[in-house]
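Read through the structure below, which is laid out as structure tokens, and then see the notes.
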Amino acid sequence: MKKITIVIPCYNEGESLEELIDQLKKINNNFYFVLVDNGSTDNTQSILKRLNIPQNIEVIRKELNNGYGAGIKFGLKKVKTDYAGWMHADLQQDAEVLLYANTLVNEIKESKSSELVAFKGLRTGRSNLENLFTIGVASISSILFFKPFWDMAGQPNIFKTSNLEFLKDAPDNHNFEFFVYINHLRKKGTFKRFHAPFHKRKYGSSSWDKGLVSKIKHARRIFKYILDLRFNS
């Protein structure tokens with residue numbers, strides 16, 4: 001019996017959808033999926049209508065795109081399994097990495113541990129610039145919170161569904177990931193990491209990552225948000 005539902009928010013990822021669905025079909029014995037059309041303005045809907053989508057993949061549409069985090073929260077409302085999580089739709093990670101997470105989830109379930117545990121992919125194979133960005137965010141955050149942080153925006157993520165109540169206060173934009181990471185640790189939780197190789201984007205382009213300048217601007221927004229979490233929460 002499937003015990004994990006993965007929410008996949010898709011914004012203008014029409015070109016990626018056929019390959020994404022093919023990847024999900026290969027692991028459909030282990031998971032349910034909620035594919036959220038997060039207010040796309042491309043050909044996402046027409047592509048979804050012509051694809052042969054298995055029964056364990058539910059497709060829903062959010063008419064208004066008001067952020068990446070909002071799309072995840074919208075999809076999580078459909079979850080009925082013991083565990084729930086999310087990942088990106090851009091094919092920069094193969095869906096098969098979820099099988100590593102599934103193994104860890106089963107180990108925790110069998111141990112009947114009372115520990116507050118979540119599961120997060122550890123991204124490998126990224127560029128030097130991307131790693132530098134991750135190191136900078138993690139280092140400053142570690143100093144601010146007096147805890148060792150690493151790859152805070154790592155994908156995919158899986159939580160026990162009953163432990164996700166705190167997401168009602170999560171931001172709707174990309175700061176969602178940093179809110180989740182920091183607040184889970186604040187609740188005395190831990191992350192078990194699993195291997196999640198990262199690939200170059202096959203189709204389209206990032207909505208924010210346009211090179212070094214955009215990364216610097218993005219980093220400034222993240223640091224401002226993390227400072228706010230540290231001192232104003």
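So the values come out like this:
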{"read-out": "Ranked list, fewest to most other Cβ atoms within 10 Å of each Cβ, for Y225, Y11", "value": "Y225, Y11"}
{"read-out": "Cβ-based exposure ranking for R220, R126, R201, in which fewest neighbours within 10 Å come first", "value": "R220, R201, R126"}
{"read-out": "Fewest-first ranking of V213, V59, V105, using other Cβ atoms within 10 Å as the exposure measure", "value": "V213, V59, V105"}
{"read-out": "Per-residue HN-Hα couplings for the range 20-27 [Karplus 6.51, -1.76, 1.60; θ = phi - 60°; Hz; x = Gly/Pro]", "value": "4, 4, 4, 5, 5, 4, 5, 10"}
{"read-out": "Cut-off 16 Å, label 7 Å out along Cα→Cβ of K3, residues of the range 147-177 by amide N", "value": "158-163"}
{"read-out": "Estimated inter-spin distance, D82 and H199, nm [label 7 Å along Cα→Cβ]", "value": "3.2 nm"}
{"read-out": "Total formal charge among the other residues, if their Cβ is under 13 angstrom from that of K80, Lys/Arg +1 and Asp/Glu -1", "value": "+2"}
{"read-out": "Estimated vicinal HN-Hα couplings, Hz - the range 145-160 in sequence order (Karplus 6.51, -1.76, 1.60; Gly, Pro = x)", "value": "9, 6, 9, x, 9, 7, 6, 5, 9, x, 10, x, 10, 9, 10, 5"}
{"read-out": "Label-to-label distance, nm, for residues given as N43 and K112 (7 Å Cα→Cβ offset)", "value": "5.5 nm"}
{"read-out": "Within the chain, longest stretch clear of exposed GluC sites (Glu not before Pro) (DSSP loop, no more than 14 other Cβ within 10 Å)", "value": "116-233"}
{"read-out": "Sites N66 and A219 - FRET efficiency at Förster radius 25 Å, r taken between beta-carbons, to 0.05", "value": "0.65"}
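Since every read-out is calculated from the coordinates, none of them should be taken as a lab result. Predicted model, so just to flag it, every value in this text is computed and none were measured. Virtual Cβ from ideal backbone geometry, glycine too; neighbours counted across all protein chains shown.
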